[in-house]
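Student: Here you go, one structure.
The values are calculated or read from the model by the stated rules, or taken from the named source; none is laboratory data. Please read all numbers here as calculations on a predicted model, not as lab measurements. Note that we place each Cβ from the backbone using ideal geometry, even for glycine, and neighbour counts take in every protein chain shown. Accessible surface is based on the protein model in full, side chains and every heavy atom, while ligands, DNA and RNA are left aside. Shrake-Rupley method; radii C 1.70, N 1.55, O 1.52, S 1.80 Å.
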Amino acid sequence: FTRTWGRNAKDWQPVELEVQPFRYALQGFPELLEVPIHGWQDISLRKSVGWSNHQGFLDVELPYLDRAAAEGLVFSYCTHDHSSTRDDPQMAITEALLRHAQSLGLTTMTYAAYYQQETEAQVAAQTEPQSGAR
C-alpha cells in the first residue's frame, strides 16, 4: 500500500472524501493499494488556524469524520510526529479525533491492517460464484 495521494485538483489541500482508496491495476500494479490522505495535513491546517488553536483545528477536521461515518467512507488522516506535539504535548487533538471517530462507530486501524482487510475482501469477491452462473 501507499498513501501518496495528498493533494486536490488545485495541487493543494484539502483532499475531499470523494477520493477513496483505489488500486493501481491500470498502471500494472493490481496489488498496490493507494489510501489517499483526506482533509488537511496537520501542519498546513495548524499553520492556518494557529498552532495553539486546538478547537479551530477540530472544527475543520471533525466534519470529515462525521461525513465518513454517515456515508460509509474511508477517512485517512495525516499527522506528523513533530507537529503533533508542537503546542500540544499531550496530543489532545489526536485524542479528540480518535475519540470522535470511536463515538461515530468508525473503525480505526493501521494502514497494514486496512490493506490486509481490503486484499482479503478483493480475493473473496473474485472467488465468489457469480449469480446466474451455470
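Student: Test ALA92 against the stated conditions and say whether it is hydrophobic (A, V, I, L, M, F, W, C), over 16 Å from the mean Cα position of the chain (by Cα) and more than 18 Å from LEU17 (Cα to Cα). Write out each step before concluding.
Tutor: Details: hydrophobic (A, V, I, L, M, F, W, C): yes; over 16 Å from the mean Cα position of the chain (by Cα): yes; more than 18 Å from LEU17 (Cα to Cα): yes.
Here the answer is yes, as ALA92 does meet what is asked.
Student: Here's another thing I want to ask about it. Only residues that are within 20 Å of THR110 (Cβ to Cβ), among the aliphatic types (A, V, I, L, M), without any contact (Cβ under 8 Å) to a residue 40 or more places away in the chain and outside any loop (DSSP other than H, G, I, E, B): list them for segment 63-92, please.
Tutor: Of everything in segment 63-92, just one residue is within 20 Å of THR110 (Cβ to Cβ), among the aliphatic types (A, V, I, L, M), without any contact (Cβ under 8 Å) to a residue 40 or more places away in the chain and outside any loop (DSSP other than H, G, I, E, B), namely ALA69.
Student: Same structure again: Output the number of the condition that LEU32 fails; it satisfies all remaining conditions of (1) touching a residue at least 12 places away in the same chain (Cβ under 8 Å); (2) closer than 26 Å to VAL123 by Cβ; (3) assigned to a loop (DSSP other than H, G, I, E, B).
Tutor: So the condition that LEU32 fails would be (3).
Student: State all residues of segment 99-132 that are assigned to a loop (DSSP other than H, G, I, E, B) and either touching a Ser or Thr at 6+ places or on another chain (Cβ under 6 Å) or among the aliphatic types (A, V, I, L, M) (or both); if no residue qualifies, say none. Explain how you work it out, then say what you get.
Tutor: Initial filter on segment 99-132 (assigned to a loop (DSSP other than H, G, I, E, B)): 104-110, 128-132.
Of everything in segment 99-132, those that are assigned to a loop (DSSP other than H, G, I, E, B) and either touching a Ser or Thr at 6+ places or on another chain (Cβ under 6 Å) or among the aliphatic types (A, V, I, L, M) (or both) turn out to be LEU104, LEU106, MET109.
Student: Does segment 68-91 hold any residues that are farther than 23 Å from GLU34 by Cβ and surrounded by 15 or more Cβ atoms within 10 Å (Cβ to Cβ), and which are they?
Tutor: Scanning segment 68-91 gives SER83, SER84, ASP88.
Student: Quick one: would you say LEU65 is touching a helix residue (DSSP H, G or I) at 6+ places or on another chain (Cβ under 8 Å), surrounded by 12 or more Cβ atoms within 10 Å (Cβ to Cβ) and modelled with pLDDT of 95 or more?
Tutor: yes
Student: Provide a single number: the residues in segment 14-58 that are touching a His at 6+ places or on another chain (Cβ under 8 Å), open to solvent by less than 10 Å² (accessible area, probe 1.4 Å) and closer than 14 Å to ILE93 by Cβ.
Tutor: The qualifying residues number 1.
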